[in-house]
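Notes follow the structure.
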Amino acid sequence: MISRLLSHDLPNSRALAFILGVLFLALLFAPFWVPSIKALNLAAKVLIFILLVASFDLLLGYTGIVSFAHTMFFGIGAYGVAIATNAWGPSWSAVITGALAALGLSALLALAIALFSLRVRAIFFAMITLAMAAAFQTLASQLSEITGGEDGLNFRLPELLNPSTVWWEGNPFGINFNGKMLTYYLIFVAVLLLFLALLRIVNSPFGSVLKAIRENEFRAEALGYRVVHFRALSSVLSALFATAAGVLLALWLRYNGPDTSLSFEIMLDILLILVIGGMGSMYGSIIGTVIFILAQGYLQDLLRMASGLAKGIPFLPALLSPDRWLLWLGLMFVLAVYFFPQGIVGRLRDKKQ
Amino acid sequence: MAGVHTHIGAYHILHGVDLVVPKGQVTLLLGRNGAGKTTTLRTLMGLWAASQGSIRWNGQDITATDTASRARLGVGYVPESMAVFADLTVAENLLLAAHKASRMEDVDAQRLQWIKQLFPAVETFWHYPAGKLSGGQKQMVAVARAVIEPRELLVIDEPSKGLAPAIVANLLEALKEVKRQGTTILLVEQNLAFARRLGDQVAVMEDGRIVHAASQADFIADQAAQQRYLGLSL
């Protein structure tokens, strides 16, 4: 049963299966055990980024296409919901229309980029996507009447998802059964289903062709597969999943602006997460995301503690200052790449073999 | 192929190749290293574009047809040096080449059984990533992949290179059977002891041209031609 749900692509390593199991349970019950709003925000961010990174893995890890336009699709999803609910009020039809319009736009853009540029060499394709993403970001901040410009858009969601909507009066252990929790579970279920769908895609015959293309496009072509078509389809699918992640982000934050969903920093984060977790294995996106987002969220606190402990020792407190968290994150990244060139998941699976 | 020229970047590799591959026969393409044999095969497959000349398939001009479509006409191509997809399992490698099947259950079971008998490594390592196999095993997978479905033409680039004699014998058996089933074969091969047990026609290349074409029987009888073109006698 589980094997079928996972498209027979099992973790293939006891350690990996255990970690994934623990993470699944932790995220499933997050609203019940996480200590603060900040922690719940991080849990939701983890979910959304798992989907976002996994969709990028379809493109980079499985098809071997380097694209820098992935956050553009993420942003389109978030802006779709933001703009629609802003214009038509907080109704379900506005949310759904916004999401569908975003998906349509993403599919068209991905197809256009793919057909115009997938025939050129990989480096030029990467440059073209970079230019597109930059243009889109500028567009989003310039069209301030529609997008709210640099300030972004605050919007309201249907009543049911509002944090002030309490759907069970009981308040055991200070847990609130409100619209925020419902939104969390909406995101959880959506990410779970879409992740399983991605697993199904990469383990289908279509997925094998993508992997064959990644390895040697000429051989794939000589077996009778039109490489350009497969690459284009992979780009479109990947863009659609990223757009869905953007929709979920908007639902969670009830805000969207250029820095939240379109910034180039997010693009770099996605790349780092995928490399740390392991490319070409959907599970890498889960492990990478959890490590990265926890580090992003808690490294500063951890450093503050360490810096406090190191008081009195010369030089060390300054090095461990919370302001230097990026330095430590960078160091972690370098070490991760050095010790796990195939990512954490690649390493865990290799051990088994 | 008639008067085919191929340029790779600034290099002019094929200088007007005229090659006829008769239906149902095995044509050996011989010649020294760098004569243009592999380029001829790649041009035939459309992996390099012919800059001049024409390529015809059953009377139909396919010079401008893309590689994928040529493959779907019924051409199986085994590139040189163990060309498997390393990250895919042996089973996935084979399934990729089976155009009529999207699942292993759809592949002709009898044919699959036959392939597994000929190439035991295929069965032994069915679920292993092909990249983890030894060179000879990879080569077997590559040939098995090309014959997973009946093909009209099989284009094979030095299949016996680096293989142990026992495996070469299996390979010979497989190709003989494929030939018996009516598949046309174009074979580039340096191992003449192996190739001559299959061949019907011989074409010899030199400097990007076919310089000699004859039936294998005539070529074997013609000591002078062997000496001139290959520097050895069969």
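Read the figures in this text as sums done on the coordinates, not as results from a lab. Since the structure is predicted, the reported quantities are computational estimates derived from the model, not experimental observations. Positions of Cβ are backbone-derived with ideal geometry, glycine not excepted, and every protein chain shown enters the neighbour counts.
For the reader, a short list of remarks on this structure follows.
- Efficiency of FRET from Cβ geometry, residue B:101 and residue A:150, R₀ 56 Å, rounded to 0.05: 0.55
- Summing Cβ point charges (Lys, Arg +1; Asp, Glu -1) relative to the Cα centre of segment B:82-149 gives a dipole of roughly 160 debye.
- Loop-located trypsin sites (Lys or Arg not before Pro) in segment B:68-115 (DSSP state not H, G, I, E or B) with no more than 13 neighbouring Cβ atoms inside 10 Å: B:100, B:103.
- Neighbouring Cβ atoms from other chains, within 10 Å of the Cβ of residues in B:89-101, number 3 on average.
- Positive-end ranking of B:29, B:89, B:191 along the dipole of chain B, with charges on Cβ about the Cα centre, is headed by B:191.
- Where a label projected 7 Å from the Cα of residue A:130 along Cα→Cβ would reach, residues of segment A:246-265 with amide N under 15 Å: A:264-265
- Rounded to the nearest 20 debye, the dipole magnitude of chain B is 120 debye, with +1 charges on Lys and Arg beta carbons, -1 on Asp and Glu beta carbons, and the Cα centre as origin.
- Cα-based shape type of chain A, given that a ≥ b ≥ c are square roots of the gyration tensor eigenvalues and the cut on a/c is 1.5: rounded
- Between the listed residues B:216, A:1, B:169, the Cα displaced farthest toward the positive end of the dipole of the protein assembly as shown, a dipole computed from Cβ unit charges relative to the Cα centre, is found at B:169.
- Separation between Cα centres of segment A:120-187 and segment B:169-234, rounded to whole Å: 67
- Once C-alpha pairs closer than 8 Å and six or more residues apart are averaged by separation and normalised to the residue number of chain A, the relative contact order reads 29 percent.
- Kyte-Doolittle mean at least 1.0 and Cα axial length at least 18 Å: DSSP H helices in chain A: A:14-28, A:37-57, A:92-117, A:122-142, A:179-202, A:227-253, A:264-277, A:282-309, A:325-339
- Options A:21, A:184, A:253, ranked by Cα towards positive dipole end of the protein assembly as shown, top entry (Cβ charges): A:21
- Footprinting exposure proxy for B:152, B:92 (fewest neighbouring C-beta atoms within 10 Å first): B:152, B:92
- Cα pair distances exceeding 23 angstrom across segment B:1-145, given as percent: 46
- FRET efficiency for the residue B:15 to residue A:1 pair, using the beta carbon distance and R₀ = 56 Å, is estimated at 0.35.
- Cross-link reach is defined here as a Cα-Cα straight distance under 12 Å, omitting same-chain residues fewer than 8 places apart; for residue B:37 the aspartates and glutamates meeting it are B:80, B:157, B:158, B:189, B:206, B:207.
- Distant-in-sequence amide contacts of residue B:57, defined by a placed amide H-H separation under 5 Å and a gap of 5 or more residues or a different chain, comprise B:62.
- Peptide A:221-232 has a mean shielding of 6, counted as Cβ atoms of other protein chains within 10 Å of each residue's Cβ.
- Mean Cβ count within 10 Å, highest first, over the residues of peptides A:100-108, A:252-260, B:123-131: A:252-260, A:100-108, B:123-131
- Rounded to the nearest 20, the size of the Cβ-charge dipole of the protein assembly as shown about its Cα centre is 840 debye, with Lys and Arg at +1 and Asp and Glu at -1.
- Total formal charge among the other residues, if their Cβ is under 9 angstrom from that of residue B:62, Lys/Arg +1 and Asp/Glu -1: +1
- Pairs from B:100/B:176; A:38/A:211; A:180/A:311; B:100/B:138; A:45/A:311; B:116/B:161 whose Cα-Cα separation, in the structure shown, is over 31 Å: A:38/A:211; A:180/A:311; A:45/A:311
- Gained length - residue A:87 relative to residue A:160, 0.36 nm times residue gap less alpha-carbon distance: 24.4 nm
- Computed from the Cβ-Cβ distance with R0 of 35 Å, the FRET efficiency linking residue B:123 to residue B:196 stands at 0.70.
- With contacts taken as Cα pairs under 8 Å at a separation of at least 6 residues, segment B:82-149 carries a relative contact order of 51 percent.
- Cα-projected label distance for residue A:331 with residue B:180, points at 7 Å along beta-carbon direction, nm: 7.0
- Extension reserve of the residue A:12-residue A:291 stretch, reckoned as 0.36 nm per residue once the Cα distance is removed: 98.4 nm
- Kyte-Doolittle mean at least -0.5, axial Cα span of 15 Å or more - DSSP H helices of chain B: B:135-146, B:165-180
- For A:207-220, mean number of other protein chain Cβ atoms within 10 Å: 5
- By average C-beta atoms within 10 angstrom, highest first, the peptides A:69-78, A:154-163, A:41-50, A:282-291: A:69-78, A:282-291, A:41-50, A:154-163
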